[in-house]
1. Averaged over peptide A:7-15, how many Cβ atoms belonging to another chain are found within 10 Å of each residue's Cβ?
2. For residue B:64, list long-range residues whose amide hydrogen, built 1.01 Å from N in the peptide plane, is under 5 Å from its own amide hydrogen.
3. If amide H atoms are built 1.01 Å from N in the plane of the peptide, which residues on other chains or at least 5 residues away come under 5 Å of the amide H of residue B:81?
4. Taking every residue in A:16-22, how many Cβ atoms of other protein chains lie within 10 Å of its Cβ, on average?
5. How big is the C-alpha Rg of the stretch B:9-110 next to the rule-of-thumb value 2.2 N^0.38 Å, as a ratio?
6. With an 8 Å Cα cut-off and a minimum separation of 6 or more residues, compute the relative contact order for the stretch B:9-110 in percent.
7. Once you place label points 7 Å from the Cα toward the Cβ at residue B:78 and residue A:45, how far apart are they in nm?
8. Of B:53, B:75, B:26, which has the largest mean-square fluctuation in a 10 Å C-alpha GNM of chain B?
Amino acid sequence: MRTCYRCLLCLHPPVFRREYAGEMLWIFDQSVASQGVTALLFDGLGSLARQWLLRSGWWKIALALSLAVLQVVLGGFATMIFGHRHLVEPAQDPSVVNMAEFAHGGSIAHQPLTVGIVMYLAVFITGGLTVMVIGLTFWMKSFGARRRHAALRVR
Amino acid sequence: MTEDYTPFLPLSPAALHILLSLAGEDRHGYGIMQEIARQSEGQYKLGPGTLYDNLQKLMTQGLVEASPTPPAHDDPRRRYFRLTSFGCGVLSAEVARLESVVREAKVHLRAPRRAT
């Protein structure tokens, strides 16, 4: 179980691991009898999740990824529901996607999945992710600045 | 000059207990855990993951800092932590807030309930 806990500590972000992993392992040895292995392992798992998702900023990537996936799913549903109104003939060459037609309301729902469509989706998701991460970063920085400013405000 | 501590309030239970345990003297991680267990009469047990995660956050906020010189008789590998003056102010503000909550609760619990 000590090895399990050590592995758990190795999965923490490097900065946290360098600072506290040694002491945490020492405390694990000291308190395993009083707190129990299971409680300590769950505590380590909780710390791991908090460190990666909250403290290291990875939550922004996770949130942006979830929103991008949601965006694609909603787009897919919208195409399924409203796409039949703008049915177009499939392109002569299946490897070529008529982007102008797609941009003007054409549906790609009934076209075979081609490299062009996959590339278009990849660019769409990557662009969305980048915009969301930048937006969230700026939003959090302004939030932190407001907190610091309020804390140092002179009454 | 008075500082406004409201952006840091209310403190989470873990942060409150850690600051309380450091109010008396400088302690290392395991000492903080033992002091918290003593203060809460064993009802609140903090694991090392929660402890160091919160200590890191409190150090970033400037409420706690690493103590420069550990006691001579102790293991030099252990790191000691202490409350900063800003942390002491935040703890006092949180205690004052909790006092007003308790006062309010006593008033409402003492008052006779209206029949529904």
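Each value in this text was obtained by applying a stated rule to the coordinates, not by laboratory testing. Quick caveat: nothing in here was measured; it's all calculated off a predicted structure. Here the Cβ positions follow ideal geometry from the backbone for every residue, glycine too, while neighbour counts run over all protein chains shown.
1. That average works out to 1.
2. B:59, B:84
3. B:27, B:28, B:67
4. Values: counts 3, 0, 0, 6, 9, 2, 3.
Partner-chain Cβ atoms within 10 Å, mean over residues of A:16-22: 3.
5. On the way: Rg = 14.8 Å, N = 102, 2.2 N^0.38 = 12.8 Å.
Dividing the Cα radius of gyration by 2.2 N^0.38 Å gives 1.16.
6. 32 percent
7. Going from the residue B:78 label point to the residue A:45 one covers 3.0 nm.
8. For chain B, modelled as a Gaussian network with Cα springs under 10 Å, the answer is B:75.
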